[in-house]
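The values are calculated or read from the model by the stated rules, or taken from the named source; none is laboratory data. Please read these numbers as outputs of a predicted model, since none were measured by experiment. Reconstructed Cβ throughout: ideal geometry from the backbone, glycine too, with neighbour counts over all protein chains shown.
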2 protein chains.
Amino acid sequence: MALTLFSFWAATAPYRVRIGLALKGLDFDTVPVDLRAGDQHGAAYRARNPQGLAPALDTGDGDLLTQSLAILEWLEETHPAPPLLPPDALGRARVRAMAGIVACDIHPLNNLRVHQALQGQGVGREAITAWSARWVSDGFDALEALVERHGRGFAYGETPTLADCLLIPQVYAAGRYDLDMSRWPALKAVADRAAGHPAFEAAHPLNQPGAPRP
Amino acid sequence: MALTLFSFWAATAPYRVRIGLALKGLDFDTVPVDLRAGDQHGAAYRARNPQGLAPALDTGDGDLLTQSLAILEWLEETHPAPPLLPPDALGRARVRAMAGIVACDIHPLNNLRVHQALQGQGVGREAITAWSARWVSDGFDALEALVERHGRGFAYGETPTLADCLLIPQVYAAGRYDLDMSRWPALKAVADRAAGHPAFEAAHPLNQPGAPRP
């Protein structure tokens, strides 16, 4: 069955799923959904995905999966090798907690629709950048302590997990807010390590359809 | 081993975990963390949970679990009966997507720390209520379509799942924003059904330590 990912090169949630797909060694087609141009609100996309968010994954069997964490867990269950979760329940809880910090405490406060809503409340551009930097910093502080304790090259242990699928796109996005990653040396070490890994390279925004060419 | 939940009666994220614990029939101790009074920022709590958020679950083995979704998945793996996820990967992805809509697209934009940050940006009380109502409405619209399709008494199928653990607290919180649940009849039907279920009743905010007495 052919997998098709509805993706936008610059958005962090589809980037998470691209990393997962690449780590599993799965081929997939990409359908670009230009979130900045509003493609996600168009009738064609809404008919496929009523929530109008990306990513969505067409399984090739007529089923469309939504929500990046749910898609990654589905990938793990349907394509168990290589594993993206540790074998023990406690380790899995630790990895999912790291993923949750990004998915629930950082990213939802900093995406495009929230920035647009803040503008609508009269919040200026600099204040919006400071708003975003605050949530990223709070979340990275929490992640730094966890990665310092559990990381061995990647965020949890020696091989990539769901935690890295979430962390690396958020580090990429942090660049927009002028955050200096040297404040979080454990996270920076993981990001540097991932930069040289072929799956993370294949999933990188600048290697996607629709991305600006140098 | 004795489970201990760090919980606040009025907050929705600990409420999710209380429902999961009750559905699994697990006894646990509660340590109240008064988020409105700022207990989560105190040195005693930060020493246990550096991120300073609730819930956190002490497993009784010296391990503290954080992030409500990660805790619920841990409960499912360590106490499989009764199951809170369907047996098939597609069904599990559907349930996790519903949970993700609440955990990632609704709740993070409406909690106490975000309301305080919006106040700090000069956003007034009415505008904050409208802000919250917007994100709840958008997310409930998406959930309504999914529950209409997959629900059979509960959000997915005939028995409670992780989706209900997330949905019911969010319906409770929606009352704060004067949202009329009759706009989402499928969600309202699930909430009415859950109101008569002993596990959901045991987990209800007004039945917790620290809640106001009538």
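Mind listing whichever residues of region A:20-46 are under 26 Å from B:Glu73 (Cβ atoms) and either facing another protein chain (nearest Cβ under 10 Å) or surrounded by 14 or more Cβ atoms within 10 Å (Cβ to Cβ) (or both)? Within region A:20-46, A:Gly20, A:Leu21, A:Ala22, A:Leu23, A:Lys24, A:Phe28 meet the criteria. When the test is whether a residue is surrounded by 15 or more Cβ atoms within 10 Å (Cβ to Cβ) and touching a Ser or Thr at 6+ places or on another chain (Cβ under 9 Å), B:Ala189 does not pass it. I'd like the full set of residues that are surrounded by 14 or more Cβ atoms within 10 Å (Cβ to Cβ) and within 10 Å of chain A (Cβ to nearest Cβ), limited to region B:111-129. The answer is B:Asn111, B:Arg113, B:Val114, B:Ala117, B:Leu118, B:Gln121, B:Val123, B:Ala127, B:Ile128. For region A:140-186, a residue qualifies if it is surrounded by fewer than 24 Cβ atoms within 10 Å (Cβ to Cβ), of a type in the set (Gly, Ala, Ser) and touching an Asp or Glu at 6+ places or on another chain (Cβ under 8 Å), and the qualifying residues are A:Ala142, A:Ala186. Listed by first and then second residue, the pairs linking a residue in region A:45-62 that is among the hydrophobic types (A, V, I, L, M, F, W, C) to a residue that is assigned to a loop (DSSP other than H, G, I, E, B), with Cβ atoms under 8 Å apart and 6 or more places separating them unless they lie on different chains, are A:Ala54/A:Phe8; A:Ala54/A:Ala11; A:Ala54/A:Val33; A:Ala54/A:Leu35; A:Ala56/A:Asn49.
Listed by first and then second residue, the pairs linking a residue in region B:18-44 that is part of a loop (DSSP other than H, G, I, E, B) to a residue that is surrounded by 17 or more Cβ atoms within 10 Å (Cβ to Cβ) and aromatic (Phe, Trp, Tyr), with Cβ atoms under 7 Å apart and 6 or more places separating them unless they lie on different chains, are B:Val33/B:Phe6; B:Val33/B:Phe8; B:Val33/B:Tyr45; B:Asp34/B:Phe8; B:Leu35/B:Phe8.
Could you list, in sequence order, all residues of region A:47-58 that are more than 8 Å from chain B (Cβ to nearest Cβ) and not acidic (Asp, Glu)? Walk me through it before giving the result.
Restricting attention to region A:47-58, the residues satisfying the condition of being more than 8 Å from chain B (Cβ to nearest Cβ) are A:47-49, A:52, A:54-58.
Hits for region A:47-58 are A:Ala47, A:Arg48, A:Asn49, A:Gly52, A:Ala54, A:Pro55, A:Ala56, A:Leu57.
Cβ separations smaller than 8 Å between residues 6+ apart or across chains give the following pairs from region A:166-183 residues that are free of Cβ contacts under 8 Å to residues at least 12 places away in the same chain to residues that are of a type in the set (Val, Ile, Thr) and assigned to a helix (DSSP H, G or I): A:Met181/A:Val171.
Among the conditions (1) touching a residue at least 12 places away in the same chain (Cβ under 8 Å); (2) among the acidic types (Asp, Glu); (3) in the same structural domain as A:Arg18 (by TED's automatic domain parsing), the only one that A:Asp105 does not satisfy is (3). Any residue in region A:39-59 that is at pLDDT 95 or above, of a type in the set (Phe, Trp, Tyr) and outside the structural domain of A:Pro108 (by TED's automatic domain parsing)? For region A:39-59, residues at pLDDT 95 or above, of a type in the set (Phe, Trp, Tyr) and outside the structural domain of A:Pro108 (by TED's automatic domain parsing): absent.
Only one entry in B:Ala10, B:Ala54 is in a loop (DSSP other than H, G, I, E, B), within 12 Å of the chain's Cα centre (by Cα) and under 18 Å from A:Leu146 (Cβ atoms), namely B:Ala54.
Here is a yes/no grid of residues against (1) facing another protein chain (nearest Cβ under 10 Å); (2) of a type in the set (Lys, Arg); (3) in contact with a helix residue (DSSP H, G or I) (Cβ under 8 Å, 6 or more places away or on another chain):
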| site | (1), (2), (3) |
| --- | --- |
| A:Ile101 | yes, no, yes |
| A:Cys104 | yes, no, yes |
| A:Val147 | no, no, yes |
| A:Asp164 | no, no, yes |
| A:Arg176 | no, yes, yes |
| A:Asp180 | no, no, no |
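Do the conditions hold for A:Pro80, that is, is it closer than 28 Å to B:Thr78 by Cβ, assigned to a loop (DSSP other than H, G, I, E, B) and either of a type in the set (Phe, Trp, Tyr) or within 13 Å of chain B (Cβ to nearest Cβ) (or both)?
In short, yes.
Scanning region B:61-73 for residues that are at the interface with chain A (Cβ under 9 Å from one of its Cβ atoms), within 20 Å of A:Ala142 (Cα to Cα) and not in a loop (DSSP other than H, G, I, E, B) gives B:Leu65, B:Thr66, B:Ser68, B:Leu69, B:Ala70, B:Ile71.
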